[in-house]
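Scroll down for the structure; my scribbles are underneath it.
The values are calculated or read from the model by the stated rules, or taken from the named source; none is laboratory data. Please read all numbers here as calculations on a predicted model, not as lab measurements. Backbone-built Cβ (ideal geometry, glycine too); neighbour counts: all protein chains shown. What goes into the accessible areas is simple: the full protein's heavy atoms, side chains included, and nothing from ligands, DNA or RNA. Shrake-Rupley method; radii C 1.70, N 1.55, O 1.52, S 1.80 Å.
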Amino acid sequence: MPPSIFARHSSEIDWCEANYLHSEYVAEYYNTVSNISFLLVGPLMMYLLHPYACRRTLMVHGVWILFIVIGLFSIYYHMTLSFFGQLLDEISILWVICLGYSIWFPQTYFPRFIRSRGQFGLVVFIIAVISTLMSFVKPTVNAYVLNSITFHILYVLVKEIRKCTNQDIINLAIVSFCLWFVAISCWLSDRFLCNFWKRINFCYLHSFWHVFICLTVGHVNTVFAFFDAQYEIPECNLQVQYWPFKSTRFGLPYLAIAKKKNKKHC
Ligand SMILES: CCCCCCCC/C=C\CCCCCCCC(=O)N[C@@H](CO)[C@H](O)/C=C/CCCCCCCCCCCCC
Ligand SMILES: [Ca+2]
Ligand SMILES: [Zn+2]
C-alpha cells in the first residue's frame, strides 16, 4: 500500500535541517519556529493597513489573513514533512499571490480583452483554480514555479519604478530587491548546497528564508500598494511610514493615508 499523504516524511522534499534533533514531535525545529514571523507580520500589517484597506478594498485584509494561513500550514509542513503539509503550504502561497495580483497588478498591463479589475480578478481566480489542480500532477516542481513568478513581479516592479519620481518608493523597491535576493539565496543554498552546510554544521538557511521572504513581502507590498493607490484612489494623500519608529526609515514599512479634511473615514 502507498504511504498515506498525511504520513510523516511522505513529502518528497526534506530540507537541510536535521530531523527530530530538538523534539520528538517536530521534524525540523528551526524551520517550524521561524514561521512565527508570518504570524506576527500578518496581523500587524492588517492593523497598519486598515486605513488604506478601508479606502481601497477590504480584500487587502484577505491577503494578510492568507499570509497567516501560509505560516500555519508551513508550521504543520515542517513539523511533519508530510505530502499533505507540502501541498497546503504551496497552494496557500499560490492563492495569496493570485489575490495580490488581482488587487495590485496595475491596470495598464491588463491584457486587451480585459476591461475592468473585476474581470481581471475573475481570470486570475480561474488560473488559480487550474493551477491548484495542476499542483497535484508534479508536486516537485511546484516550489520552483512559485519562485519563478517572482521574476514577473520584478518585471512589473522595474517598469513602474522607471516612471516613479518618489525617492522613498525607489529606495523601498531597492531594499525589497535586496531582501528578496538574500531570501532566495538562502532557499537555493539550503536546497542545493546542503552537504556544504552540513560540513560546517550550519543547516538553518531555510529558516532564514522564512524570515527574509516575510520581510520582502511586507516591503514589496508597500511599493505596489503605493503605485496602486496613485491610480485607484488619487484623491488620497499617501505616505510611507515605518513601524515601530514612525518618523525614521527603520522598521516595517506600510502605506499610510494622511488625513484630509472633509473626507469620510471608516
Ligand atoms: C502585482 C504584484 C502583487 C504582489 C503580491 C505578492 C504577494 C506575495 C505573497 C506571499 C508570498 C509568501 C511566500 C512565503 C513562503 C513561505 C512558506 C515556505 O517557505 N514554503 C517553502 C517550503 O517550506 C516553499 O518551498 C516555497 C515556495 C516558493 C515561494 C515563492 C514565494 C514568492 C514570493 C514573491 C515575493 C515577491 C518578491 C519581489 C521581489 C522584489
Ligand atoms: Ca530535514
Ligand atoms: Zn519552509
What number of residues in segment 251-266 are under 24 Å from W64 (Cα atoms) and at pLDDT below 60? 2
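Condition check ((1) outside any loop (DSSP other than H, G, I, E, B); (2) among the basic types (K, R); (3) away from ligand 1 (no atom under 15 Å from the Cβ); (4) open to solvent by less than 50 Å² (accessible area, probe 1.4 Å)) across all residues:
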site	(1), (2), (3), (4)
S11	no, no, no, yes
G42	yes, no, no, yes
Y47	yes, no, yes, no
P51	yes, no, yes, no
H61	yes, no, no, yes
Among the numbered criteria (1) over 20 Å from the mean Cα position of the chain (by Cα); (2) open to solvent by 20 Å² or more (accessible area, probe 1.4 Å); (3) within 16 Å of ligand 3 (Cβ to nearest atom), which one does L122 miss? (3)
Among the residues of segment 79-108, count how many are under 17 Å from T32 (Cβ atoms) and polar (S, T, N, Q). 4
Which condition from (1) within 16 Å of ligand 3 (Cβ to nearest atom); (2) buried (at least 21 other Cβ atoms within 10 Å of the Cβ) is the one that L99 breaks? (1)
Out of the residues in segment 63-88 that are among the β-branched types (V, I, T) and over 16 Å from P139 (Cβ atoms), which is surrounded by the fewest Cβ atoms within 10 Å (Cβ to Cβ)? I65
Hits in segment 56-78 - residues which are touching an Asp or Glu at 6+ places or on another chain (Cβ under 8 Å) and in contact (Cβ under 8 Å) with a residue 60 or more places away in the chain: R56, S74, Y77, H78
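This table checks each residue for (1) within 11 Å of ligand 1 (Cβ to nearest atom); (2) in contact with a helix residue (DSSP H, G or I) (Cβ under 8 Å, 6 or more places away or on another chain); (3) of a type in the set (K, R).
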residue: L133; (1), (2), (3): no, no, no
residue: Y144; (1), (2), (3): yes, no, no
residue: I174; (1), (2), (3): yes, no, no
residue: S189; (1), (2), (3): no, yes, no
residue: I200; (1), (2), (3): no, no, no
Considering only segment 26-40, state which residues are closer than 28 Å to I257 by Cα and crowded, with 23+ Cβ neighbours inside 10 Å. F38
